[in-house]
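Here is the structure we will look at.
Every number in this text was worked out from the coordinates using simple rules, so none of it is lab data. It should be emphasised that the depicted structure is a prediction, and the values quoted were computed from it without experimental measurement. All Cβ positions, glycine included, derive from the backbone under ideal geometry; neighbour counts span all protein chains shown.
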């Protein structure tokens, strides 16, 4: 139970127990923040080439469920993957706010379907916390860390690892 | 502007200067095409190739049979026969018809994205062409026939359409 106290006392206590100090002059990182249902996630910005809105996607036969299809992105044929099953989430229909991130790593370049793109952030690296223990094994495999944003824990995902695992699983 | 080697000494022309001549057909609800140089003859429905010697295209390419996710309009329909020639041997393939000669602009033909190469189990898929109606899957039927060790069909002498530029028997 909290105790009522005069402001001076509260300020004195605050001064004696400073919050975490963030070094805003330290290294920073860009994050592309998106959602999958209520799950907030992000990729490191340098791995995302662009964000596409409505783009025609063509289904191909004999492909694994993770592979939604292919699309023509300004003269280049790109694959498109569904991120949800990879993270152990249920299927969702592509809504109007659905977006496609074009991700690129040394191993692979592909489109990635997400429910919504929320923001592109530029945050101090020091604000990225280590992953908590209480995440699913499937998520843990791809999790680099957690950032707080708009009151949500944002799961920063390792796109290199995702693409490498995808390729390894398909071969 | 993209350029393309013309195969006659390394001279390059704009890719718009090239077209791919194909035999196109529908299979399992998908538009497909095979290079005309792989097809010796297109046979009419009265052609004398023994039905037992024909390989259904769905089986050859590893497409699911009707009722296993194949759209009904793709599983049914007129059947056509292609007679392929490798050296002096001839192979018969039955496709979901009608099989037609077509010419695809090279600029609309794309190599396969890495994920499709790794994950698509459609036999012989070489490239994908995109036009206003969607994708055309360009397949290598000869390589698929050879890989499967399918025996040549005994050729008949009924009405046929010999294709211009088709491979000629070796002497």
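Summary of values
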item	result
Sorted by Cβ neighbour density within 10 Å, fewest at the top, the residues B:32, A:71	A:71, B:32
Two-site label geometry, residue A:59 and residue B:143: point separation in nm, points 7 Å out along Cα→Cβ	2.6
Mean-position separation - Cα centroids, the stretch A:52-122 and the stretch B:90-113, in angstrom	27
Separation in nanometres of the label points that stand 7 Å from Cα toward Cβ, at residue A:49 and residue A:76	0.2
Residue exposure sequence - A:123, B:23 - by fewest surrounding Cβ within 10 Å	A:123, B:23
Average other protein chain Cβ within 10 Å of Cβ, residues B:126-137	2
Highest-MSF residue in chain A out of A:133, A:42, A:12 [GNM, Cα springs under 10 Å]	A:12
For residues of A:51-63, the mean tally of beta carbons on other chains within 10 Å	5
Neighbour-count ranking [beta-carbon atoms within 10 angstrom, fewest first] of A:152, B:40, B:12	B:12, A:152, B:40
Orientation-averaged projected area, Cα convex hull of chain A (nm²)	13.9
Label point distance in nm, residue A:28-residue A:134, each placed 7 Å from Cα along Cα→Cβ	3.3
